[in-house]
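Read the structure below first, then the notes.
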Amino acid sequence: MGGVWVWIEQHDGKAAGASWEAVGVGRRLADALGEKVTALVFGHNAAALGSEAIKRGADSALVCDDETLADFRVDPVASLLSALAKQHGPSVIMAGATTRGTDVMGPAAVDLDAGVVADVVEIEVERERIVASRPVYAGKLIARATIPAGVQMFTLRGRAFPAPAVDEARTGAVEAVSPVRAEGDITTKVTSFEVRGGEVSLTEAAIVVAGGRGVGGPEGFEPLRELAGVLGAALGASRATVDAGWIPYEYQVGQTGKVVSPDLYIAAGVSGAVQHQAGMRTSKVIVAINKDADAPIFRLARYGIAGDLFQVVPALTAAFRKRLGK
């Protein structure tokens, strides 16, 4: 069982969107290489994701359903992945470039003495070699990389690739495997979770409304929250606003925050520093709103509005509310 492997990130039996996107990429690469796609599902009461992965393009699935995997911890997951890879010898291993995907692929690569290309935005097979493209220098350049020997490992930027549709007619083998770490051997313990609901996930959102220093303070994000609510969008922020304490770090977009690739990115009061561009320049459509017509963000935007965000954003909200019937 070699071929192309895709690790399926899941929580409470629900897969991350980036994982399904990776399955779609895996299917395309496997077809070009004449290989099979195997999905890896590690968790507790999440075995159904193995069958779902097959319906989305995988040929088979390896499922480990164990209580030690109920809560995500890097050690048991990465150890199991590398142990299975040593046993079965895949040529390619992929995961979404999420926090968890990155955490897992790093130590697994060390175990396998393998190379990893991270945050991939394009990937193709050229003359039987996999060539992956990723942004470098804060997104100013795109580097093309190959892994010349051993297992080829890649993490794929979320929303950079389309997610495959479900095909109910697809069938494949789902094989149960055992964990390689007993609970007593795992040094980290999960004691509790803080659940925060009611907001759209920033990394998986199709639309992001982000605010920069131009919002003027914590209260300046309120018009942006209202626009985001009407659009069903996620709220984002620049590093400057986070450093100023106007909004929590979890909203930060940029080189030291979250990397997003939505269909629509609305930047209000964001100057467009290189570090911020690194986290959002792969957005499909960028709309900039800024009083400074010379702000760097306008060079990246498809549409620009040189004006006061406190006038422009409420006007947009009213227009979208009317158009969408909200």
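The values are calculated or read from the model by the stated rules, or taken from the named source; none is laboratory data. As the structure is a prediction and not an experimental result, all values here were calculated from the model. Here the Cβ is made from the backbone with ideal geometry for all residues, glycine too, and neighbour counts use every protein chain on show.
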- All conditions in (1) surrounded by 15 or more Cβ atoms within 10 Å (Cβ to Cβ); (2) more than 23 Å from LEU141 (Cβ to Cβ); (3) free of Cβ contacts under 8 Å to residues at least 60 places away in the same chain are true of LEU309 except (3)
- Item | Scope segment 277-302; condition under 13 Å from LYS140 (Cβ atoms) and not β-branched (Val, Ile, Thr); matching residues | GLN277, ALA278, ARG281, PRO296, ARG299, LEU300
- Query: Does segment 220-227 contain any residue that is buried (at least 16 other Cβ atoms within 10 Å of the Cβ), in contact with a Phe, Trp or Tyr (Cβ under 9 Å, 6 or more places away or on another chain) and of a type in the set (Gly, Ala, Ser)?
  - Reply: yes
- Task: From the list VAL125, VAL190, VAL151, VAL166, pick out the single residue that is buried (at least 16 other Cβ atoms within 10 Å of the Cβ) and in contact (Cβ under 8 Å) with a residue 12 or more places away in the chain.
- Result: VAL151
- Task: Provide a single number: the residues in segment 30-48 that are at pLDDT 95 or above, farther than 16 Å from LEU84 by Cβ and either crowded, with 23+ Cβ neighbours inside 10 Å or of a type in the set (Gly, Ala, Ser) (or both).
- Result: 4
- Residue count for segment 108-141, restricted to those that are at pLDDT below 95 and hydrophobic (A, V, I, L, M, F, W, C): 3
- Do we find a residue being touching a residue at least 60 places away in the same chain (Cβ under 8 Å), out of contact with any helix residue (DSSP H, G or I) (no Cβ under 6 Å at 6 or more places or on another chain) and basic (Lys, Arg) anywhere in segment 282-300? yes
- Note on the structure: Those residues of segment 96-111 which are more than 13 Å from HIS11 (Cβ to Cβ) and in contact with a strand residue (DSSP E or B) (Cβ under 8 Å, 6 or more places away or on another chain) amount to ALA97, THR102, VAL104, MET105, GLY106, ALA108, ALA109
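Does ALA53 meet the test of being surrounded by fewer than 22 Cβ atoms within 10 Å (Cβ to Cβ), modelled with pLDDT of 95 or more and of a type in the set (A, V, I, L, M, F, W, C)?
On the way: surrounded by fewer than 22 Cβ atoms within 10 Å (Cβ to Cβ): no; modelled with pLDDT of 95 or more: yes; of a type in the set (A, V, I, L, M, F, W, C): yes.
Considered against the rule, which asks whether it is surrounded by fewer than 22 Cβ atoms within 10 Å (Cβ to Cβ), modelled with pLDDT of 95 or more and of a type in the set (A, V, I, L, M, F, W, C), ALA53 comes out as no.
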- Can you work out which of the residues in segment 92-122 that are surrounded by fewer than 17 Cβ atoms within 10 Å (Cβ to Cβ) and of a type in the set (Gly, Ala, Ser) is nearest to GLN255 (Cα to Cα)? GLY106
- Query: Would segment 157-168 turn up any residue that is assigned by TED's automatic domain parsing to the domain that holds MET94, among the basic types (Lys, Arg) and at positive phi?
  - Reply: yes
